[in-house]
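**Q** What follows is a single structure, and I will ask about it in a moment.
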Amino acid sequence: LYNRRGFNTLNPDVIQKVRKSDLRGYLCYFDLDRFKQINDVHGHAKGDEALKEFAMTLQSVFRKDSLLSRFGGDEFVAMGVETQPGQAEQALSSLDVVLSVRNAQAGVIFNLESSYGVTYFDKNSSLDIDELSAAADAALYQNKERRRRLRVPAHVEEDRR
């Protein structure tokens, strides 16, 4: 995967490709859920293993021409052009399935889970990369909050108010 500098260098190419076509582009932000817990409970070597495994999983579910990057820590980005409608959604669904199957296997010592946020753009979009990133990041945190609420029992949520 590229790092943040690689992403910043190459994302204008993706945006330009979309602007010159009738295709839709996507920008997905990912965050590994409970990554700190993996490091704290199982050690940094297992945390590094989790990062590598998640990176390989992203590579397996997104098209080969997608721009995949690790931004740092437990944050990842996927950006690309949909040559077929719904390709990004299909990749995200595949990611959920792959992680669920992985986590259900016997002997797994930690779950690998991710929240994500996605935004789309086309040749008529006036958003620049900073605005696209802000939209994907906002969607990520909405998803993360929704997933957190699903995991917290209702009575605990009530006690927090």
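The values are calculated or read from the model by the stated rules, or taken from the named source; none is laboratory data. Just so you know, these numbers come straight off a predicted model, no measurement behind them. Reconstructed Cβ throughout: ideal geometry from the backbone, glycine too, with neighbour counts over all protein chains shown. Accessible surface areas use protein heavy atoms only, side chains included; no ligands, DNA or RNA. Shrake-Rupley method; radii C 1.70, N 1.55, O 1.52, S 1.80 Å.
**Q** Of the numbered conditions (1) open to solvent by less than 30 Å² (accessible area, probe 1.4 Å); (2) free of Cβ contacts under 8 Å to residues at least 24 places away in the same chain, residue 127 satisfies every one except a single condition; which is it?
**A** (1)
**Q** So for segment 81-94 (the condition being within 21 Å of residue 39 (Cα to Cα) and of a type outside the set (Gly, Ala, Ser)), does at least one residue qualify? Steps first, answer last, please.
**A** At the first step, the residues of segment 81-94 found to be within 21 Å of residue 39 (Cα to Cα) are none.
Looking for residues that are within 21 Å of residue 39 (Cα to Cα) and of a type outside the set (Gly, Ala, Ser), one finds none in segment 81-94, hence no.
**Q** Now a separate question. Filtering segment 9-35 down to residues that are touching a residue at least 24 places away in the same chain (Cβ under 8 Å) and farther than 19 Å from residue 63 by Cα, which residue is nearest to the chain's Cα centre (by Cα)?
**A** So, considering only residues that are touching a residue at least 24 places away in the same chain (Cβ under 8 Å) and farther than 19 Å from residue 63 by Cα, the one nearest to the chain's Cα centre (by Cα) is 31.
**Q** Say we look at segment 68-81 and pick out the residues that are open to solvent by 10 Å² or more (accessible area, probe 1.4 Å) and touching a helix residue (DSSP H, G or I) at 6+ places or on another chain (Cβ under 8 Å); which of these is farthest from residue 4 (Cα to Cα)? Reasoning before the result, please.
**A** Taking segment 68-81 as the starting set, the residues that turn out to be open to solvent by 10 Å² or more (accessible area, probe 1.4 Å) are 68, 70-75, 81.
Right, trim to touching a helix residue (DSSP H, G or I) at 6+ places or on another chain (Cβ under 8 Å) and you get 68, 70-74, 81.
On the way: 68: 10, 70: 6, 71: 5, 72: 7, 73: 11, 74: 12, 81: 19 Å.
It comes out as 81.
**Q** Specify the residue that is most open to solvent (accessible area, probe 1.4 Å); the eligible residues are those in segment 24-58 that are touching a strand residue (DSSP E or B) at 6+ places or on another chain (Cβ under 8 Å), farther than 18 Å from residue 99 by Cβ and of a type outside the set (A, V, I, L, M, F, W, C).
**A** For segment 24-58, the residue satisfying everything is 24.
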